[in-house]
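> Okay, here's the structure, questions in a sec.
The values are calculated or read from the model by the stated rules, or taken from the named source; none is laboratory data. Worth saying up front: this structure is predicted, and the values here are computed from it rather than measured. Neighbour counts run over all protein chains shown; Cβ positions are idealised from the backbone, glycine included. These area figures cover heavy atoms from the full protein model, side chains too; ligands, DNA and RNA do not enter into them. Shrake-Rupley method; radii C 1.70, N 1.55, O 1.52, S 1.80 Å.
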Amino acid sequence: MRRWLIGVYLVGCAWQSHQQARVWVSDLTLWRHAARMAPLKPRPALNYGSSLAQAGDVAGAASWWAHAAALAQQPHVPSWDAQRTMRSVLTNLRRLREAL
Amino acid sequence: MGWATAGVLLLALLVYRPLIDAGFVYEDHTWQQATSQPASTWRPMRPLMHLSWWVQARYTPSPRAFHVANIALHLLLALLVGVLASRLRVSPLAAWLAGSMVLLHPLTVESVAYLSARTELFAAIGVVAACVLAVTAHGWRWLLVYGALVFGMAGKETAAMGLLLVPLTRWVVGQRWEIPLGVNVALLATAIADRGWLTLVNLGEAGGMRIEWLPWLLIQSTAVVRLTALSLVPWFGGFTVDYDYDLIPQAFRLVALLTLCGLPVLAWRLRKSQPMLAFGLAWMLIAVGPRLLIQTPRSYFNEHQFSVGFIGFAIAGASLTGQAEPRR
């Protein structure tokens, strides 16, 4: 009985681990998952936007960067995180404009 | 046990199959850039990490090769954890289970899947190997123990906590400590001072990221409690590269800190009645200790940074299946 329980436990762990491994396949999957898990945190939104930009989705990237900038204004976000997010958003948008 | 081991290995291959086609993500690009420069420009920290990336970038540059190497290191770590558990005289089933938990638990996925977290794998391998060797070390063989720790520290500096984990391991098997504990403490203090860790206590990783020590301690304590909960109850998800700890109310953070403060007391009280549980708790607390003080505000305590601490839980949890013989 004990060995069966151990087997069930390990299979359960393996299943969850497999789901996690799939998340780490690319920046897109990683930050899409992170943004879904932390919808009020600026960095996942920022990084998801950057991964969209790398994948060629310029409109999507700009939208997510704007979203990150809005999230950075929330009162619970530390000031250093908000400043860093805004700096990154402005830099990314400038680079995008130059590229276009 | 042979069939069970084959089954676990097959499960592990299935778990990590998606990584075979994975690319470089997140800070992997930074490592690519850093190791494409001449060796003379590398930072002095983590030379083993630099070297492994440089060698692979030169001879096996595909992301697949990098991921295969990480999976191989993870297999080695799981094997070492099983060996360590067996040296701690838990039952063969418990030793096998400890290694299997490290191999398959979702909390260890980040340190395998995220190539930049290979530093954690090196550190964990060095620390566990040192503890394995320390169980039966005497005389000149102590050089091997410290050599393993140096290997770990060459991967990541947090392996320096092995200087405390090794005496802990000797304690749990009832071995007399041959080298004065003060030597290890002095070596650890030297490592901390040399790396300038103390300057990071209230500085942050980059200018303008100053954060007071108490808010940092509260957030990191919350992170440790969350990661501990994920260690114990891994089947319902909740794993992510960037958890939003800033959303956690201050009251919860304070409870987390108080809980963390209670764990050493619990470990002390269990040291005679449940030595393996005390060992697991103490191992985790020692492993996570630096992160409570050293500030890296770009990211709070994340899953791959908990991988060494998780080993203590794996051994302690596995030991609940039974012990081979009385410890003392």
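> Please report the carbon-and-sulfur percent of the accessible area for chain A; probe 1.4 Å, protein heavy atoms only, DNA, RNA and ligands left out.
Using a 1.4 Å probe with all protein chains present, chain A comes out at 61 percent carbon and sulfur.
> Another question, then. Please list the helices of chain B that count as membrane-span-like by this rule: a mean Kyte-Doolittle hydropathy of at least -1.0 together with Cα atoms stretching 27 Å or more along the helix axis, each helix being a complete DSSP H run.
B:63-87, B:213-232, B:250-270, B:275-293
> What accessible area per residue comes out for the protein assembly as shown, rounded to a whole number of Å², with a 1.4 Å probe?
45 Å²
> With a 1.4 Å probe on protein heavy atoms only, tell me which residues of the range B:239-269 lose at least 10 Å² of accessible surface in the complex relative to the chain by itself.
Those are B:F239, B:T240, B:V241, B:D242, B:Y243, B:D244, B:D246, B:L247, which lose 10 Å² or more relative to the chain on its own.
> What is the diffusion coefficient of the range B:78-173 in µm²/s, taking the Kirkwood radius over Cα pairs and the Stokes-Einstein relation at 10 °C with a viscosity of 1.306 mPa s?
After rounding, the answer is 117 µm²/s.
> Binned at 10 Å from 0, what are the whole-percent values of the Cα-Cα distance distribution for the protein assembly as shown, short to long?
With a bin width of 10 Å, the distribution comes to 4, 21, 31, 28, 12, 3, 0, 0.
> In whole Å, what three semi-axes, largest first, describe the equivalent ellipsoid of chain B built from its Cα gyration tensor (square root of 5 times each eigenvalue)?
Equivalent ellipsoid semi-axes, largest first: 28, 25, 22 Å.
> Please list, in chain and number order, the residues 5+ apart from B:V90 or on another chain whose amide H is under 5 Å from its amide H, with Hs placed from the backbone.
B:A324
> I'd like the mean, over residues of A:73-83, of how many other protein chain beta carbons sit within 10 Å of each residue's own Cβ.
Average per residue, whole number: 3.
> Past the 16 angstrom mark, what percentage of all C-alpha to C-alpha distances in the range A:41-100 do you count?
Cα-Cα pairs of the range A:41-100 separated by over 16 Å account for 35 percent.
> Per DSSP helix of 4 or more residues, -39500 (n - 2.57); summed, then divided by the residues of the protein assembly as shown. What does that give at 222 nm, rounded to the nearest 500?
Here the helix-only value at 222 nm equals -22500 deg cm²/dmol.
> Next up: Expressed as a rounded percentage, what relative contact order does the range B:65-191 have, with Cα pairs under 8 Å and six or more residues apart?
22 percent
> Okay, moving on. If you take the accessible area of B alone, add that of A alone, and subtract the area of the pair, what total do you get in Å², probe 1.4 Å, to the nearest 100?
3600 Å²
> Evaluate peptide B:103-111: per residue, the Cβ atoms of other protein chains within 10 Å of its Cβ; return the mean as an integer.
Taking the mean over all residues of the peptide, I get 6.
> Could you compute the FRET efficiency for B:R17 and A:S63, with r as their C-beta to C-beta distance and R0 at 41 Å, rounded to 0.05?
Efficiency, rounded to the nearest 0.05: 0.80.
> Still on this structure: Spin-label point model (7 Å from Cα, Cβ direction): what's the B:V255 to A:L96 distance in nm?
4.0 nm
> Compare B:T119, B:T30, B:T108 in a GNM of chain B, Cα atoms joined below 10 Å, and give the one with the largest fluctuation.
Highest fluctuation among the options: B:T30.
> Find the Rg to Rh ratio for chain A, where Rh is the Kirkwood radius over alpha-carbon pairs and Rg uses the same atoms.
Result for chain A is an Rg/Rh of 1.20.
> Let me ask something else about it. Counting only protein heavy atoms and using a 1.4 Å probe, what share of the accessible area of chain B belongs to carbon plus sulfur, as a whole percent?
Of all accessible area on chain B, carbon and sulfur atoms account for 70 percent.
> On average, how many beta carbons from a partner chain sit within 10 Å of the beta carbon of a residue in B:21-32?
3
> Could you order peptides B:124-134, A:86-96, B:7-17, B:84-94 by the average number of other Cβ atoms within 10 Å of their residues, highest first?
Per-residue Cβ counts within 10 Å, averaged per peptide and sorted highest first, yield B:124-134, B:84-94, B:7-17, A:86-96.
> A further question follows. If you place +1 on the Cβ of every Lys and Arg, -1 on the Cβ of every Asp and Glu, and leave all else neutral, what size is the dipole of the protein assembly as shown about its Cα centre, to the nearest 20 Debye?
The dipole magnitude comes to about 700 debye.
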